[in-house]
Amino acid sequence: MSQYDFFDGCLLLPSQADLNQSTLDLPALPGVCLFSNDNNQPILLLYGANLRSLVRRRLCDEADEEKNKRTRLRPVTTRLWFRRTYSPFETHLNYFNIAREVYPKTYRDFFPRLDTWFICLNRRDKYPFFARTSAVKPNKQMQYWGPLPTKKSADLCLETLQNLFNLCRHPHLLEKAPHANACSYAQMNRCAAVCDGTVSRQDYLELIDQAANLLNQPLKNSIVHFQEKMNLLSKNLQFEQAQQQKEKIELIKKFQSPAFSWFAPLDNFFILAFLPGAKIKIPKSRSLCPTITPFLITPSRISQIESLPLDQAQQVATNLLDHLHLAKMQSTHQPLENHQMELLAWTVHLLYKSDQQPRALFLRADENLDVLRLTEKIITCFTKKSDNNKQQNGKNLKLDNFNLTDNHEERSNSC
């Protein structure tokens, strides 16, 4: 795909033409814009809430050069490639994709946080152990859970698992099991101590299975299971053991924190997203009708589905669920290539901020949503009135929490 296939159109900008007049065809909408010269060499890539206003400000030459120390773009810019967008998610997604095409060697300078983390388990090992990793490798025996936005959150996840099931914290000792020297955790009874033979390999594998099952099933099921054990022990006057189960419940509840909002088995990582689309004219109506644009997010790609009016929310839900079903059928569980890992990392950092977006709906596909429940969620999200919008009352437009404002808050990168 050519870098210019991402754009809706191109505006020619003669060097002597009036700037305001020649940019009238630029949309006064959010979007992405690429400045280029006669040879289509990229000069500047930027995005903003109002492309027309943003481009005019950036091309306008200050009379006093001391006030404007940035490179003068007007003399060298002859083409403006633009892409309209209708939500912060769509804006940033297009900016990310275009930047990777336009600046293949330097785009990582624009996105310094293109890494994500997983918890992995290699079933092939004689003594399997959980570890954190930032790569998905080609191995059918390898299981992955995630994604997690930071190394710190991956460490917290790993530590919680180890505390819950007394798992090995020094995997290098497992290479010598069952003839290794026990570590300090084993001496404090905080490790199953399979390394020195205190616990058999079979019992150790059962602990690994219990930990994997915890990560594979809904947390509420695990909490109920441990609560039942705690109540039974308490009923039998085994208060010390009951207290241990209570402590495990508190550890499990750590996985309910925002740091693990999108944590799941990687094979089941399917996210349904609903964002505002373009407003369209419909028959027998004087006002423009808002639309909804659904997206399907998987570990390897982000698919944009056809936009439909809000009054067709049920059809929107049906269409996206159909795409989800097809994506699950076609899932091959292949290792992620480098560009796919980068897209996933970019998506993860955005998802962990999604609760700050008032007019956007992100849902995990494992919530067992049927068409009617999903339709209800869509309508609730896109029809509720935002008090924040009332307070704006004609002031500068702020798009969600991405600092895409109609003032001079822009992000631009030049080659």
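The values are calculated or read from the model by the stated rules, or taken from the named source; none is laboratory data. From a predicted model like this one, the values you see are computed outputs, not experimental measurements. Reconstructed Cβ throughout: ideal geometry from the backbone, glycine too, with neighbour counts over all protein chains shown.
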Item to complete: Could you check, for the range 288-296, whether at least one of its residues is in contact (Cβ under 8 Å) with a residue 40 or more places away in the chain and within 16 Å of Asn97 (Cα to Cα)?
Response: yes
Response to the item:
When (1) touching a helix residue (DSSP H, G or I) at 6+ places or on another chain (Cβ under 8 Å); (2) in a strand (DSSP E or B); (3) buried (at least 17 other Cβ atoms within 10 Å of the Cβ) are applied to Ala131, the one that fails is (3)
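For Phe226, are the conditions met, namely being buried (at least 18 other Cβ atoms within 10 Å of the Cβ), in contact with a Leu (Cβ under 9 Å, 6 or more places away or on another chain) and either in the same structural domain as Asp155 (by TED's automatic domain parsing) or not in a loop (DSSP other than H, G, I, E, B) (or both)? I'd like the intermediate steps shown before the answer.
Working: buried (at least 18 other Cβ atoms within 10 Å of the Cβ): yes; in contact with a Leu (Cβ under 9 Å, 6 or more places away or on another chain): no; either in the same structural domain as Asp155 (by TED's automatic domain parsing) or not in a loop (DSSP other than H, G, I, E, B) (or both): yes.
When the stated conditions are applied, Phe226 does not pass them.
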Worksheet item: Restricting the search to the range 319-354, which residues are surrounded by fewer than 14 Cβ atoms within 10 Å (Cβ to Cβ) and of a type in the set (S, T, N, Q)?
Response: Gln330, Thr332, Gln334, Asn338
Worksheet item: If a residue has to be touching a strand residue (DSSP E or B) at 6+ places or on another chain (Cβ under 9 Å) and in a loop (DSSP other than H, G, I, E, B) to count, how many in the range 353-382 make the cut?
Response: 4
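Suppose the filter is touching a Cys at 6+ places or on another chain (Cβ under 9 Å) and closer than 30 Å to Phe89 by Cβ; does Lys254 pass it? Quick ask: steps written out before the conclusion?
On the way: touching a Cys at 6+ places or on another chain (Cβ under 9 Å): yes; closer than 30 Å to Phe89 by Cβ: yes.
The answer is yes for Lys254.
Does Tyr185 meet the test of being surrounded by 21 or more Cβ atoms within 10 Å (Cβ to Cβ) and among the hydroxyl-bearing types (Ser, Thr, Tyr)? Break it down stepwise before answering.
On the way: surrounded by 21 or more Cβ atoms within 10 Å (Cβ to Cβ): no; among the hydroxyl-bearing types (Ser, Thr, Tyr): yes.
In short, no.
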Item to complete: Looking only at the range 30-50, decide whether some residue is among the β-branched types (Val, Ile, Thr), crowded, with 18+ Cβ neighbours inside 10 Å, touching a Phe, Trp or Tyr at 6+ places or on another chain (Cβ under 6 Å) and modelled with pLDDT of 95 or more.
Response: yes
Discussion item. So His349 passes all but one of these: (1) in contact with a strand residue (DSSP E or B) (Cβ under 9 Å, 6 or more places away or on another chain); (2) modelled with pLDDT of 85 or more; (3) part of a helix (DSSP H, G or I). Which condition number does it fail?
Written reply: (1)
Worksheet, complete the sentence: Among (1) touching a residue at least 24 places away in the same chain (Cβ under 8 Å); (2) surrounded by fewer than 18 Cβ atoms within 10 Å (Cβ to Cβ), Cys195 falls short only on (2)
Worksheet item: If the Cβ limit is 8 Å and pairs must be 6+ apart or interchain, which residue in the range 163-178 that is among the aromatic types (Phe, Trp, Tyr) pairs with which residue that is surrounded by fewer than 16 Cβ atoms within 10 Å (Cβ to Cβ)?
Response: Phe165/Gln210
